[in-house]
Amino acid sequence: MSETPERARPAERTLVSSALSGRPLIELRGVGRTYGQGVPVHALVGVDLTIHEGEFAAIVGPSGSGKSTLLGLIGLLDQPTTGTVLVDGVDMSRAGDRARTHQRARALGFVFQQFHLVPHLDAAANVETALLYRRLGRRRRRASAFEALDRVGLADRAHHRPVQLSGGEQQRVAIARALVTDPPIILADEPTGALDTANAALVLGLLESLPGEGRAVVMVTHDLDLAARAGRIISTRDGEVVDDAVAPAAVAP
Ligand SMILES: Nc1ncnc2c1ncn2[C@@H]1O[C@H](COP(=O)(O)OP(=O)(O)O)[C@@H](O)[C@H]1O
Ligand SMILES: [Mg+2]
């Protein structure tokens, strides 16, 4: 009898511009990214997008549609070919490497599909790598790393190296590493892509808990069931944002 087979019908969603009221953290204005010289690949064209405090946004779209490129630009890992990227109102697309590295270490935490842990370091030391840009004593760094591991339920795995951890545990270490600097924004590129269903649920549960702390989470995924749990779904196709919608539950009353 049901006539609502899709989880996230556009009609049930509200236009983003009028729905999100959190403070803007990152703003992309007319952002484009072209790769290559000979035959240029227009990976992104003319993207306008604002990420707000406390929101959980999913970026979805076919392979090659520009999701990772978009996340890399939001995360200051890459520079746009055209347009501007503002972080806290400051234009980072004109900033030098040092300023961008500093801003990245302060404001952003990253989680990748393949975890990207350092194999010869134990879990605690992996988490500590995120703090190396800070002027913290060794003991403070250690203590913060243990706190972050505790946060993701891995206090008892602090001295395990990645090879001694399951995929789900490795991804939780990566989340601890992303959180240890207390950044306002967490960016995740297919964070559950290499995990089984049970571990994927654990990792998603952790990510879902972060907007409640005022952090913004932006997650690239090709899994529409995961995306449906985000408050906002940004859809890319051929380098453009073709849809951007907020679920009713994500709109403040
Ligand atoms: N470093 C690069 N050099 C050249 N082309 C690239 C590079 N990175 C991505 N691209 C191209 O840009 C487009 C978008 O890629 P990407 O952002 O990785 O898409 P998605 O993450 O949605 O799969 C694709 O056509 C891809 O081949
Ligand atoms: Mg990708």
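Only the coordinates and a few stated rules stand behind these numbers; no lab work does. On a predicted model such as this, the values are computed, not experimentally measured, just so you know. Heads up, the Cβs are rebuilt from the backbone with ideal geometry, glycines too, and the neighbour counts pull from every protein chain shown.
Side notes on the structure shown:
- Sparsely packed loop sites in region 82-173 (the trypsin sites (Lys or Arg not before Pro) outside DSSP H, G, I, E and B with at most 12 other Cβ atoms within 10 Å) comprise 94, 135.
- Expressed per residue, the C-alpha convex hull volume of the chain stands at 147 Å³.
- Each helix, a run of at least 4 DSSP H residues, gives -39500 (n - 2.57); summed and divided by the residues of the chain, these come to -8000 deg cm²/dmol at 222 nm.
- Full-extension gain in nm, residue 120 to residue 166, via 0.36 nm per residue minus C-alpha separation: 15.0 nm
- In this label model, residue 82 and residue 238 are separated by 1.6 nm, measuring between points 7 Å along each Cα→Cβ vector.
- Taking region 14-250 and dividing mean pair separation by its residue count, relative contact order in percent (alpha carbons under 8 Å, at least six apart): 29 percent
- Candidates 49, 117, 77, ranked by Gaussian network fluctuation over the chain, Cα under 10 Å, top entry: 77
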